[in-house]
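Inspection log for the structure reproduced underneath, given as C-alpha cells.
Bear in mind that the values in this text are calculations on the coordinates, not laboratory data. Keep in mind the model is a prediction, meaning the values are calculated, not measured. Here the Cβ positions follow ideal geometry from the backbone for every residue, glycine too, while neighbour counts run over all protein chains shown.
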Amino acid sequence: VTVLYPGRDGVQRMTPQAIEEKYGVTPTGYAELAALVGETSDNLPGVPGVGPKTAAKWLTEYDGLENLIRRADQVPGKAGASFREHLEDVRRNKRLNALVRDLDLTITIGDLARGNPNQQAVNELFDVLQFRALRDRVRELYTEPVPTPAPVAMAPVTAIAVNQGAAWLAQHGSGQAGLEVSRSRAHGFWDAEAVTIAAADGAIAWFDIAYLSPADDSALGAWLANPAMRKIVHNAKQTLLALQQRGWDLTGVVCDTELAAYLVNPDRRVFDLPTLTERYLNRTLDLAPSAADEQPAFDFEDHPQMDTAGLAARALADLAEPLEADLKTKGATALLSDIEIPLTRVLANMETTGIAIDQPFLATLHRQFDDRVGEAERLAWQSLGHETNLSSPKQLQIVLFEELKMPKTRRTKSGYTTDAEALERLYVETAHPFLEHLLAHRDQIRLRQTVEGLIKAIGEDGRIHTTYLQTVAATGRLSSADPNLQNIPTRTPAGQQIRQAFVAGEGYDSLMTADYSQIEMRIMAHLSGDVGLIEAFRSGQDFHTVMASHVFHTDPKGVTPAERSRVKAVNYGLAYGLSAYGLSNQLRIPVTEARRLMDEYFEHFGGVRDYLTALVAQARNTGYTETLLGRRRYLADLGSANRTRREMAERMALNAPIQGSAADIIKLAMLKVAPRLHKDFRSRLLLQVHDELVFEIAPGEQASLEAMVREAMAEAIELSVPLEISVGVGPTWASAAH
C-alpha cells in the first residue's frame, strides 16, 4: 500500500520503505509507535518524555509493543519510569488507533477499482461548471478506452462558384436545412461573411458572399427569406442581424439550437454549438479560427473555414431532432416556436434602432459625478484625519477595525469584509461620518462608471445600441449588455439624471414608457387564488394601502406611509422568496419584528401562505417549478443535505414562477405590439427594461400609439385580476417615467 500524503512540499508517496526511513519502524509497527507517542489529531496523549526516536528504539530493542509492555520493569531511566506510569494509556491508545479488521464487507478490493464514469453525466456536469480543457484530461484517466467520436459521414462541402448558387438551391434547397452564417462584429454591428447550408438530402454548400453574382445573391436572399424553407440555426437573432447587414431577411427558422438548449435546462451556463454537438451527437466540433481564416478566401479548392462551417451546418441539421425531443419532454415546444424564436426578430429590430443620446448632457453628468467622487474622498479623509486609499480593502480593514475599533464584520480569507452590505450595516450601528462619506464615494464611482460605459457605447449615429440576451437569466427574463441598460437606478435622483440623457431622436417628438403596474403581485394573486389579495386589486384603491389596512387593522385612510412601506416590502418580498431575516435587513428592523409582520400578513392572506408552501412541496416532488406558460426551472438542490444550498433552492422555487411569468407576459406584450407598430405606425419600440417598454413617438401618433400599446399589453394574458398599464410621455426617458 502506498499512501499519498499531502505536505508543505507537495504530495509525498509514503511507501513501506518511506515509512521506515521516516519513523524507524515498518508500517505494521506504526500503530505501536503511535500508541507510545500519542496522536494529537485523535486527541490521544502519549507517554510524557517519549518521542518517536525513543519509541522506535524501544520497539526494535524489545521486538514489538507486547514484549515491551511485558518487560516494562526492565526499561531504564526517567523515560522508563514515565512509561510504567502510563501503561494503561498506551494500551488504550493501541486499542483505539488500531484498524478494525473483522467487519463483514459486501464489497471486495476489486469492486473498488476505478472504472469509466458515465460519459453523459460527466458532460452534463462539466457543461454546468464550464469545464472545457478538463474534459479531455479526464478522458485520459479512464481505465478503459473511451470511444472517440467517429468521423461524421457527410458529403464534401461544395464551394459555390460564380453563377452556380441558384442552380444548387433549386436542386437541394427544399426540406429542412442546417444554416450556418459565418459572421464578424465591427463597430457594434454583426456582418455576414459566408453562408453554409446543410440540405435535407445531405448536400452541403458554402456561399462566399464576396463572390456571389447578382443572380446568386438574389436566389440566396429569396431562399433565406422564404418561410417555407425550414431552417435550423444557432442564435437566430445574431444570424438575422448579420444577414440584414447584407440586405437579406431570415424567416422559416423552426429551431434555434441555442434557445432550445436554454429552454431544456435554463440553469446551464453553456449553450455554444460545440458543447451541444458533443452532448447530443457525441461529436467534437472545433470552431476555433485557424491561421488560414485570416487570409482572403480566393482559392475555392482549399478553405479550412469552409470545412469547419460545413461541419457546423451539418451539426445544426442533426441537432434538431434530439433537441426537439428534449423540448417535448420538458413541455417547452410552444415556448420556443411561439415566443422565443419570434421574439428574436423584435429584439433584432430594437438593437438596430437603438436610442438617441444627449451627448453634451452626458459629458456634463460625467464631470459632475467625477467631482462628487473627489468631494466624497476629501470629506472621508477629513473625518478620518489623514489620507487613505478608499478603494483598498486592506487599508480599509486597518482604518475600520484597528484605528476606529469598529465592530468586526464577516471574516474572509483576506480579513474582515468591507463589501457594501457590511459597510451599510456598520453605518447603521455606528453612524460614523467616515462610513457615510466612504459609502457616498463608492456610490459616485459606480455612477461615474455607468456614465463612462454609456459614453463609450454611443455609435456613429449618436444612438446607443444595447444587446439583448435571451439565455442568461434562468427565470426567462431578458438581459441587456454592451451596455447594460437594466442596471441604471430607477428611483434615485442620480438614476433619473442619467435617464435624462436618453432622448427622442431627430424626426421624432418624444419618448413613451409603458409598464405593467405591480405585475408580480397580480401574478401572485392569480396563482394563489387568495380572495383578499384578489379583492385588493379589484377594489380600485392603492394596492399596498389596502393590504396595509388589513395587516394593521385600520381603515385605508388611516394607513401611515411607514405602514404602507412595510407591507409593500412584504408584498414584493414574498414574490422573491424573501425570508424574515431578509425582510429585517431591508426594513432595518429586528428579525423578530420582521417575523411578526409576516405572521400578521399571512393571518389575513392565508391563501398566499398555502400557495407558497404547496409550491415548494410540489417542486421538491417534481424537481422543477413552472410559469403560467409552462417555462420550467429545475432545482436539484431542493433535496440537498446542505442547508444553505437547500434554502437557496427553496427561495428560487418561490421566485421562479412569479418572475418567470412576468418575463413571459412582457414578451407576449412585445409580440403583440411589434406587428401593429410595423403595420400602422412610424413610431418605434426602442427598449425593454424588466416590465417596461420604451417607445419613440413619431409626430402626430401619440394618442393612437398609447391606445394601441395599452390594448396590446392588456391582451397579452388573462388573469383573475385586471392588468394595469402605466404610461408616461416626455422628451427624455426620465420625464416619460411615471
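Using just the Cα positions, wrap the range 473-522 in a convex hull and report its mean projected area in square nanometres, one decimal place. Write out the running numbers ahead of the final one.
Values: hull surface 21.6 nm².
For the Cα atoms of the range 473-522, the hull's average projected area reads 5.4 nm².
Say the dipole of the range 162-282 comes from +1 at the beta carbon of Lys and Arg and -1 at that of Asp and Glu; which of VAL264, ASN235, PRO214 then lies farthest toward its positive end?
VAL264
With θ set to phi - 60°, apply the Karplus curve 6.51 cos²θ - 1.76 cosθ + 1.60 along the range 607-623 and write out the HN-Hα couplings as whole Hz, x wherever there is a Gly or Pro.
Once rounded to whole Hz, the list reads x, 5, 4, 5, 5, 5, 5, 5, 4, 5, 4, 5, 5, 5, 7, 8, x.
Once Lys and Arg get +1 and Asp and Glu get -1 on their Cβ, which of ASN226, GLN130, LEU347 lies farthest toward the positive end of the dipole of the chain?
Positive-end residue among those listed: GLN130.
Using C-alpha positions alone, give me the convex hull volume of the range 154-286 per residue in cubic angstrom. Each step should come with its number before you reach the end.
Values: hull volume 15.7 nm³, N = 133.
Normalising the Cα hull of the range 154-286 by residue number yields 118 Å³.
Working from Cα positions, state the angle (0 to 90°, nearest 10) between the long axis of helix 304-329 and the longest principal axis of the chain.
Compared with the principal axis, the helix lies near 80 degrees.
Over the Cα atoms of the range 553-660, what radius of gyration and what Dmax do you get, in Å?
In Å, with Rg to one decimal and Dmax whole: 15.3, 48.
Report, in degrees rounded to the nearest 10, the 0 to 90 angle that the Cα long axis of helix 591-604 makes with the longest principal axis of the chain.
That works out to roughly 50 degrees.
Using just the C-alpha positions of the range 346-463 as equal point scatterers, what log10 of I(q)/I(0) does the Debye formula give at each q in 0.10, 0.11, 0.13, 0.14 1/Å?
-0.44, -0.50, -0.63, -0.68
Could I have the simple spin-label model distance between THR2 and ILE398, label points 7 Å from Cα toward Cβ, reported in nm to one decimal?
That separation, rounded to one decimal, is 4.8 nm.
For the range 1-69, treating each Cα as an identical point scatterer without solvent, what Debye log10 I(q)/I(0) comes out at q = 0.14, 0.19, 0.29 1/Å?
Per q value, in the given order, log10 I(q)/I(0) is -0.46, -0.80, -1.26.
Starting from the Cα of ARG596, move 7 Å in the Cα-to-Cβ direction to define the label point; list residues of the range 543-577 whose amide nitrogen is under 16 Å from there.
Output list for this probe position: 551-553, 563, 566-567.
Highest mean first, what order results for 453-464, 172-183, 496-507 on Cβ atoms within 10 Å?
Working: 453-464: 15.8, 172-183: 21.9, 496-507: 19.2.
Top of the packing list down: 172-183, 496-507, 453-464.
Summing +1 for each Lys or Arg and -1 for each Asp or Glu, what net charge is found among the other residues whose Cβ lies under 12 Å from the Cβ of ALA736?
Net of charged neighbours comes to -4.
What is the calculated FRET efficiency for ALA614 to ARG588, with r their C-beta to C-beta distance and R₀ = 35 Å, to the nearest 0.05? Spell out each step's value before the answer.
Details: r = 32 Å, r/R0 = 0.91.
Efficiency for this residue pair is about 0.65.
For the peptides 79-85, 663-669, 1-7, 12-18, what is the packing order when you average, over each peptide's residues, the other Cβ atoms within 10 Å and list the highest mean first?
Details: 79-85: 16.0, 663-669: 23.1, 1-7: 9.4, 12-18: 13.0.
The peptides rank, most packed first, as 663-669, 79-85, 12-18, 1-7.
How big is the dipole moment of the range 306-361 about its Cα centre under a simple scheme where the beta carbon of each Lys and Arg is +1, that of each Asp and Glu is -1, and everything else is neutral? Debye, nearest 20, please. Mind dumping the intermediate values first?
Values: 4 positive and 9 negative charges, 15 e Å.
Computed about the Cα centre, the dipole is about 80 debye.
If you place +1 on the Cβ of every Lys and Arg and -1 on the Cβ of every Asp and Glu, how big does the dipole about the Cα centre of the chain come out, in debye to the nearest 20? It would help to have the intermediate numbers written out before the result.
Details: 76 positive and 95 negative charges, 462 e Å.
In debye, rounded to 20, the chain gives about 2220.
Let me know the Kirkwood hydrodynamic radius for the range 625-732, please, with Cα pairs as the basis and the value in Å to one decimal.
Details: mean 1/r = 0.0622 Å⁻¹.
It works out to 16.1 Å.
Quick one: compute the contact order of the range 575-690, relative version, from alpha carbon pairs under 8 angstrom and 6+ residues apart, as a percent. Before the final figure, lay out the partial values.
On the way: 97 pairs, mean separation 28.2, N = 116.
Contact order relative to length: 24 percent.
How tilted is helix 519-528 with respect to the longest principal axis of the chain? Cα atoms for both, answer in degrees (0 to 90, nearest 10).
Helix 519-528 sits at roughly 70 degrees to that axis.
Given 37 °C and 0.692 mPa s, how large is the Stokes-Einstein diffusion coefficient of the range 672-732 in µm²/s, with Rh as the Kirkwood radius over Cα pairs?
Details: Rh = 12.4 Å.
After rounding, the answer is 265 µm²/s.
Just order 637-650, 250-263, 111-124 by mean Cβ neighbour count inside 10 Å, highest at the front, would you?
My ranking of the peptides, most packed first, is 250-263, 637-650, 111-124.
Would you work out the charge dipole size for the range 27-149 about its Cα centre, treating the Cβ of every Lys and Arg as +1 and the Cβ of every Asp and Glu as -1, and quote it to the nearest 20 debye?
Details: 16 positive and 18 negative charges, 80 e Å.
For the range 27-149, the charge dipole is close to 380 debye.
So how compact is the range 477-577: Cα radius of gyration and Dmax in angstrom?
Using the Cα atoms of the range 477-577, the pair Rg, Dmax is 17.7, 54 Å.
Output the pairs from LYS22/LYS57; LYS22/LYS78; LYS237/LYS667 with a Cα-Cα distance over 19 Å in this structure; if there are none, say none.
On the way: LYS22/LYS57 13 Å; LYS22/LYS78 25 Å; LYS237/LYS667 15 Å.
Beyond 19 Å: LYS22/LYS78.
Averaging over every viewing direction, what projected area does the convex hull of the Cα atoms of the range 318-366 cover, in nm²? Present the calculation step by step, with values, prior to reporting the outcome.
Numbers: hull surface 24.1 nm².
It is 6.0 nm².
What Kirkwood hydrodynamic radius do you get for the range 415-467 when you take the inverse of the mean 1/r over all pairs of distinct Cα atoms, in Å?
On the way: mean 1/r = 0.0747 Å⁻¹.
Mean inverse Cα-Cα distance, inverted, gives 13.4 Å.
Taking amide hydrogens as modeled 1.01 Å from N in the peptide plane, which residues meet the under 5 Å criterion relative to GLN12, leaving out close sequence neighbours?
Hits under the 5 Å cutoff: TYR5, GLY7.
By the scheme Lys and Arg +1, Asp and Glu -1, what is the net charge of all other residues having a beta-carbon under 14 Å from that of LYS557? Don't jump to the answer; show the numbers that get you there.
Working: positive: ARG564; negative: ASP542, ASP555, GLU563.
Around LYS557, the charge tally is -2.
May I ask you to list the trypsin sites (Lys or Arg not before Pro) in the range 558-636 that are in a DSSP loop and have at most 12 other Cβ atoms within 10 Å of their Cβ? Numbers along the way, then the final one.
Working: sites: ARG564, ARG566, LYS568, ARG588, ARG595, ARG596, ARG609, ARG620, ARG631, ARG632, ARG633; in loops: ARG588, ARG631.
Answer by residue number: ARG588.
With the dipole of the range 467-559 worked out from charges on the C-beta (+1 for Lys and Arg, -1 for Asp and Glu) around the Cα centre, which of ILE498, PHE552, MET512 lies farthest toward the positive end?
PHE552
Any lysines with Cα under 26 Å of the LYS557 Cα? List them, leaving off those in the same chain fewer than 8 positions away.
Within reach: LYS568.
Report the Cα centroid-to-centroid distance between the range 218-250 and the range 699-725 in angstrom, as an integer.
Here the answer is 32 Å between Cα centres.
Which FRET efficiency value, to the nearest 0.05, do you get for TYR581 and ARG71 by plugging their Cβ-Cβ distance into 1/(1 + (r/R0)^6) with R0 = 51 Å?
Details: r = 65 Å, r/R0 = 1.27.
After rounding, the FRET efficiency stands at 0.20.
By a straight-distance test (C-alpha under 25 Å), which lysines pair with LYS413 as possible cross-link partners, with residues fewer than eight away in the same chain excluded?
Of all the lysines, those that pass the test against LYS413 - Cα under 25 Å, at least 8 places apart if same chain - are LYS394, LYS405.
Counting Lys +1, Arg +1, Asp -1, Glu -1, what net charge surrounds ALA356 among other residues with beta carbon under 10 Å of its beta carbon?
Working: positive: ARG463; negative: ASP358, ASP461, GLU506, GLU696.
Summing Lys and Arg as +1 and Asp and Glu as -1 gives -3.
Report, please, the projected area of the chain averaged over directions, based on the convex hull of its C-alpha atoms, in nm². Working shown, then result.
Values: hull surface 183.2 nm².
For the chain, averaging the hull's shadow over all directions gives 45.8 nm².
Rounded to two decimals, what is Rg over Rh for the range 1-140 when you use alpha-carbon atoms and the Kirkwood radius?
Values: Rg = 21.9 Å, Rh = 18.6 Å.
Rg divided by Rh gives 1.18.
Work out, step by step, the length gained on full extension between LYS408 and ASP542: first 0.36 nm times the residue separation, then minus their alpha carbon distance; give nm to one decimal.
Working: separation 134, 0.36 × 134 = 48.24 nm, distance 4.26 nm.
Stretched out fully, the LYS408 to ASP542 stretch lengthens by 44.0 nm.
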